[in-house]
Amino acid sequence: MSDQLPQFRYHPDPIASGVISLNNATCICCGYARGYVYGGPLYTAQDVEGSVCPWCIANGEAAARLNASFVADYPLLQSGLPSDIVEEVCSRTPGYYSWQQEEWLSHCGDACEFHGDASVEDIRSASITTKAHWMANYQLSEDDWVSATKDYQPGGHSAFYKFVCRHCGQVSFGWDLP
C-alpha cells in the first residue's frame with residue numbers, strides 16, 4: 001500500500017499531529033499514490049488542486065515545484081538561525097495549523113521539534129524554565145499563565161503547541177488564540 005514514511009527532523013510525528021494522513025490520492029508533484037498525503041498549510045501564490053505526498057515534502061520537490069513553503073520563515077529568521085535550517089523547516093518539513101500564523105520555535109541555535117498540541121499534563125507539569133520562556137516570548141505574567149492554562153484542553157479555544165529542543169530537551173510552548 002505505501003512506502004515507509006520519510007523522517008522529518010523537526011516534525012517527528014506528523015501523523016499524530018494530524019497533518020499527514022492515510023490516503024491513496026496521487027501526489028501532484030511526483031505522480032505516485034503512496035498511501036499518505038499532506039493536509040497541512042501550504043503557502044504559495046499558485047492555485048494548488050490536489051494532494052502532496054510526504055516524500056515530495058522531504059526531498060524538497062513540493063516546495064520547488066509549487067514555489068511554496070509549509071511554514072512561515074519570519075520567526076526562524078528573527079531568531080538568527082542559519083539559512084540551511086530555516087530552509088529545511090520551511091521547505092522540507094510538514095507545517096502545522098494554528099489559529100493565526102504558526103510560529104516555529106527555536107532553542108540552542110536550532111529549530112525545535114514540533115510535537116503537536118500540548119497535552120493537559122504537558123501544561124500542568126511545565127517547568128519553571130518553560131513557563132518563564134512562555135512569559136518572556138509573549139510578554140505576559142505568571143497570572144497570565146495561570147489564566148491562559150486554567151481550562152486548557154487540546155484542540156480547544158486556546159492553543160498551546162509543544163516544541164522540544166533537539167539539543168537540551170527544553171520544552172517550549174507556542175501559543176495562539178482565535
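List of remarks:
- Working value for the chain: equivalent-ellipsoid semi-axes of 30, 17, 14 Å, each the square root of 5 times a Cα gyration tensor eigenvalue, largest first.
- Structural size metrics of the range 100-176, computed from C-alpha coordinates, are Rg and Dmax of 11.6, 33 Å.
- The alpha carbon centroids of the range 14-37 and the range 60-76 are separated by 17 Å.
- Distant alpha-carbon pairs in the range 5-98 (separation over 15 angstrom), percent: 56 percent
- Phi angles across the range 165-178 convert, under the Karplus curve 6.51 cos²θ - 1.76 cosθ + 1.60 with θ = phi - 60°, into 3J(HN,Hα) values of 5, 6, 9, 10, x, 4, 8, 10, 10, x, 9, 8, 10, x Hz, Gly and Pro given as x.
- Annotation: the antiparallel percentage among DSSP beta bridges lying fully within the chain is about 95.
- Distances between placed amide hydrogens fall under 5 Å for G116 paired with K162, all partners being 5 or more residues away or on another chain.
- Mean separation of Cα contacts under 8 Å (6+ apart) over length of the range 112-178, as relative contact order %: 43 percent
FYI, it's all coordinate maths here, none of it is from the lab. In this text, all values refer to a predicted model and were calculated from it rather than measured experimentally.
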